[in-house]
Amino acid sequence: MTTKEDVTTFEAALERTGNGLYNILLVATCGLILLGIGADLFGFSLVVAAACDLNLSVSQKGILTSLPFIGILLVSYPWGYVADTRGRRFVLIVSVLTAFVLSCVASLATNWILLGLIKFVSVCFSCAANSATYTLVGESCIARVRSKYMLIITCLIIVSPAVAAILTYPTLLLSFKWNIPLLGISFTPWRFLNVVLAIPAGLGGVAICFFNESPKFLANCGRKEEAVSVLKSIYSINHGKNKHDLQLSSLVIDDVASKTDKSLFRAMQEQSSPLFKPPLLFRTVQLYFIVFVVYMTNNSFLVWLPYILNLVRASLEKTSDFNNLCELISTHSSNQTYIHDNSTEGPPCLGYIEENIIFTLVISQFTFSFLNFVISYLMKWRRLVLLSILSLSTLSGLLISFMPEPISSVVLFMMFTCTNLGMGILASYFVDLYPTSCRGMATCLSIMVGRTSSFIGINIVGNTIFTHCEVTFYLWALLVLSSALVAWFLPPDKVKEIPS
């Protein structure tokens, strides 16, 4: 049946394309990209731990593992500008495929400095996918499934450390050594691991080439004929019909981007300035504060999760008295079993990753990913769900020090880091509450805020949890509570608010 040809708004035209095969494949591809860059980023710390032939000191390992995160902080802002001016699909193709090539090149690094520099540049490219994937999915899918799809791809981000661990364990158990005289190195399993961890993102980068640019981006840039063509293509794939069955003569869109000649710095400034002016100023401050707390809480404490589990296991094996988790941490703070930051020589390099660390990462991250998948079906009540997550984290942080039993203490510790379940919900707010012209910039800046807060949080927790454990948990729980209070003022559920 042929649809009546008329002039319509973009959202109405997008609704007529429906939800089907195109959207499912797009979500799967963007999810694969996010899974790949997450596994590559987190897995690099496992690569560094296994690079025995580089003879790395503890300080050198610290520099190597932190360099990728510094890259994210430096380039998220310009990538947001590129996404809003050149397109979401363009950014994904260029960034992901370039990052894949650089990760493979890193496997041939002759020393730790070169390894760090190559990985730094690689992450400077791959981090662009953090926001571009969400924006592309949000602008290509109808409103009914938009938030759910973004929660689903967030599941893959959350599970990426577990995937990195799963890929790492069998790879490092391989036994081979190929000499490369030209470079003066031997190609061993830890070098091959660089390539293995980059493969998922590389496959996603190739797959995204077969999808269309965001139709809303095209319409917003004045390329309405291309936008109509993309909408017809989506309609055809979703319904298995001829694309001409969907007849659209023109699109009406409110937030049309203006085009003037200006310098890159000036253009980036103008691209981001609306975020910090009315009517978007309040939403920007509100969402960025919640992002700051969510990333800071999850990443800062999750770093210490394997260490905490090792302490509890050792305590149970010795059948010693267990009063509470904080007392256990304070008692054993000088005897670190997993993190060796206070050691000048560091632990012996094994060339592989211990099974208990792999097990911890897999169980914890798959659990969070499953919960995030469940949340994807509750997006009609996303504000209520976000408030529940933050409240649960707050309550867990307050109760940890009162648990006289080790298993319940560990469960509460993991529940305290459950703020990562709110990441996908926050991403959906960035898509719904910002106009197309600055949506990519807003999302990229949120990644910068999140990574910055992670750096700050990791340093604070590392310097306080061993000497002032209870105070650390109490004050942090109050910080999470403050974010819940701020989240209370988000738009009510089922209400869409897009300032033009």
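The values are calculated or read from the model by the stated rules, or taken from the named source; none is laboratory data. Keep in mind that what you see is a predicted model, and the values were worked out from it rather than measured. Please note: Cβ atoms are built from the backbone with ideal geometry, for glycine as well, and neighbour counts cover all protein chains shown. Ligands, DNA and RNA are excluded from the accessible area calculation, which covers all protein heavy atoms including side chains. Shrake-Rupley method; radii C 1.70, N 1.55, O 1.52, S 1.80 Å.
Just give me the residues in region 47-65 being open to solvent by less than 10 Å² (accessible area, probe 1.4 Å) and assigned to a helix (DSSP H, G or I), in sequence order.
Passing the criteria: VAL47, VAL48, ALA50, LEU64.
Looking at THR394, THR417, which one is more than 23 Å from VAL27 (Cα to Cα), in contact (Cβ under 8 Å) with a residue 40 or more places away in the chain and under 21 Å from the mean Cα position of the chain (by Cα)?
Values: THR394 fails: under 21 Å from the mean Cα position of the chain (by Cα).
Residue meeting the stated conditions: THR417.
So which helices (runs of 4 or more DSSP H) are wholly in region 126-210 and hold at least 2 residues that are open to solvent by less than 10 Å² (accessible area, probe 1.4 Å) and modelled with pLDDT under 85?
In region 126-210, the matching helices (runs of 4 or more DSSP H) lie at 143-172.
How many residues, within region 377-427, are open to solvent by less than 20 Å² (accessible area, probe 1.4 Å), of a type in the set (S, T, N, Q), out of contact with any Cys (no Cβ under 7 Å at 6 or more places or on another chain) and within 13 Å of ALA487 (Cβ to Cβ)?
Residues flagged as open to solvent by less than 20 Å² (accessible area, probe 1.4 Å), of a type in the set (S, T, N, Q), out of contact with any Cys (no Cβ under 7 Å at 6 or more places or on another chain) and within 13 Å of ALA487 (Cβ to Cβ) within region 377-427 amount to 2.
Within region 104-125, can you find the residues that are over 30 Å from VAL431 (Cα atoms), open to solvent by less than 10 Å² (accessible area, probe 1.4 Å) and polar (S, T, N, Q)?
Scanning region 104-125 gives a single hit, SER107.
Filter region 202-234 down to the residues that are of a type in the set (Asp, Glu) and free of Cβ contacts under 8 Å to residues at least 60 places away in the same chain, then identify the one that is nearest to GLY138 (Cα to Cα).
Keep residues of region 202-234 that are of a type in the set (Asp, Glu), which gives 213, 225-226.
Going one step further and asking which of them are free of Cβ contacts under 8 Å to residues at least 60 places away in the same chain, we end up with 225-226.
Numbers: GLU225: 20, GLU226: 18 Å.
The qualifying residue nearest to GLY138 (Cα to Cα) is GLU226.
If we keep just the residues of region 452-477 that are touching a residue at least 12 places away in the same chain (Cβ under 8 Å) and open to solvent by 40 Å² or more (accessible area, probe 1.4 Å), which is farthest from SER391 (Cα to Cα)?
THR467
With region 384-477 as the region, which helices (runs of 4 or more DSSP H) entirely inside it contain at least 1 residues that are within 25 Å of ASP84 (Cα to Cα)?
On the way: elements: 406-416, 423-433, 436-464.
Answer list for region 384-477: 423-433, 436-464.
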